[in-house]
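A quick write-up on the structure given underneath.
All of the numbers you see were taken from the coordinates with simple rules; none came from a lab. Just so we're clear, the structure is a prediction, and the values are computed from it rather than from any experiment. Quick reminder, even Gly has a Cβ in these numbers, built from the backbone with ideal geometry, and neighbours come from all protein chains shown.
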Amino acid sequence: MTTENKLAILVCLFSFLVKLIILENIGIQYFADGNAYASIAKDIYKNNFFFPDTYLTDAPGLPYFFSLFESFRSIISIDPYVFGNVLVSSLSVYVFYLITFKIYKKKDIALFAALLAAIYPFFIFYSLTWLSETLYIFFLYISVYFYLLFLERKRIVYLILFSMFFAIDTLVRFVNFPMFFVFIFLTIYILIKENFFASKIFQIVSICLLSYFLVLTPWLIRNYNVYETIVFTDSGSFGKVFFSGNNSFNKSGGGIGGIDVRYEDLKRFENIQNLSLREETMIGESIQWIKSNPIDWIQLEIKKLVRFFSPIFYAERFNKLGYNLISFSTYGVILVAFVISFRKNFKYHFYETSPMLIYSLMLLGIHLITISSIRYRLPIEPMMIIMSSPIIFLFLKRIIK
C-alpha cells in the first residue's frame, strides 16, 4: 500500500471521528421521512430480514441497511442507524479520493479532495440523520468509479460491477431507474466509437441489463406478490412529487410539507385507493395546470433552478445567519471554484468527468420537473468537490508560498 493510500485511509478515520464528535454535541437530526425509514427498519429486523407487508412503498435499500445495524444496540452507545450512516459517509471519502486520482492522476489533489469531503458540513449533517442521502451517495460514486475503470480499460467486468452497484443504489433511491438506461446508451456510443462489433456490443449490453435486473429481482417479485403486477420502482410517489412541484399552490419551487405545498393539499388524492390511478390523476391534474398557466410554470422552473444551486437555506428551521454563513463559506466557495474549473475540465478531462456530469444534469432535470431543494442537490456535491479540488488546491498552494 502506498503512502498516499495510507494517508487517504487516515483521512477517512479523521472524517469518522469528526462526525462522532459533532454527533455528541448536536445529536441526531430528525426528519419525518427519516422516522419512517427507522420504523420500517425495526420491522424488517423483527421479521428476520424479510420484506414487511404492503405499507413499504418507498425504496427498501435504506431500511434494509439500517436493519443490519439493529443488533448493534447492545454493543454501541450511539444510535446504530446514525452509526451506519457515519460509517458509510466516512468510507465515501475514500471513494472520492479514488475517483479524483483516476481523473487527475495526482495524489496530492486526490488527498485534498478527500480532505474537503471529510470536513464538508453538508456531508457531516446528513450523516447524522436517518435519511437516505448518505447511502445513496456512497453507492452512486462507487458506480461512477467502476464506470471510469471501464472507460479506461474497456473491460466488461467493470460494467457488470457498475450495473450491480447502480442497481443497489436504485433500491436506495428509485430516481436511478430511468438514468440507468441513459448510461446504457452512453455505453453503446462508446463501444461504437471503439469499433466494437455489433454482436459484441449486444452481448455486453445484455450482460449489463441482466446484472442490473438481477439485483432488482427480489424487489420485483415482492411487488408482484403485493400489487399483482410488475412495479419496477414504487407506486404512486412520482405522481405525488410531480403534483407538488407543478400546481397553483407552489410559489417557491419547494416541495411537500413546505411553505407552499402542505400535506393537506395532497390528502384529497388518498381517497383513490388504486395507486396507479392515483398517480395518473395527480400527473394529469399537474399537466393540465401547466397547459393553462405556461408563464407561471416557466417562472416556477426558474425559481427551482435558483433554489437548487442557492447557498441560502429556504427551510425555516435552517434559514438563520449561522447556517447561511457556513453554507456560503463551504458550498459557496466550492460552487465558485467549480464554475471556474468547468472550462478546463471540459477541455482536458471531459471524457473522465462525463459520467458525473451526465448524472448531475439528469438529476437536475428531474428536480426541475418535480420539486427542488438543497437536499436534492447533495448527490452532485461530491462531483463539484472533485472537479473544483485542483483549482482550490492550487489557489491555497500559492497563498502558502
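Multiplying the residue separation of residue 193 and residue 22 by 0.36 nm and removing their Cα-Cα distance gives an extension gain of 56.7 nm. Listed from fewest to most Cβ neighbours within 10 Å, the set 170, 370 follows the order 370, 170. Among the chymotrypsin sites (Phe, Trp or Tyr not before Pro) found in the stretch 134-238, those both in a DSSP coil and sparsely packed, with 10 or fewer other Cβ atoms within 10 Å of their Cβ, are 197. In this rough spin-label picture, where each label sits 7 Å from Cα along the Cβ direction, the residue 207-residue 181 distance is 2.4 nm.
Annotation: extensible slack from residue 321 through residue 10 equals 108.6 nm (criterion: 0.36 nm per residue apart, minus Cα-Cα distance). Pull out a ≥ b ≥ c, the square roots of the eigenvalues of the alpha-carbon gyration tensor of the chain, then state rounded if a/c is under 1.5, prolate if not and a/b is larger than b/c, and oblate in the remaining case. Cα axes put the chain in the rounded bin.
Is the shape of the stretch 108-229 best called rounded, prolate or oblate, per the rule: a/c under 1.5 gives rounded, else a/b larger than b/c gives prolate, else oblate, with a ≥ b ≥ c the square roots of the Cα gyration tensor eigenvalues? Cα axes put the stretch 108-229 in the oblate bin. Close amide-amide hydrogen proximity is noted between residue 129 and 29, each under 5 Å apart and 5 or more residues distant or on a separate chain (H modeled in the peptide plane; Pro and chain starts excluded). In this simple spin-label approximation, residue 288 and residue 106 carry label points 7 Å from Cα along the Cα→Cβ vector, and these lie 5.7 nm apart. An oblate overall shape is assigned to the stretch 181-249, the ratio a/c of its alpha-carbon gyration tensor axes (a ≥ b ≥ c) being 1.5 or greater and a/b not exceeding b/c. Scanning the chain for GluC sites (Glu not before Pro) that sit in a DSSP loop and have at most 15 other Cβ atoms within 10 Å, the longest stretch containing none of them is 1-193. Under 20 Å from a point 7 Å along the Cα-to-Cβ line of residue 340: which residues of the stretch 370-401 have their amide N that close? Only 381-401 pass the distance filter.
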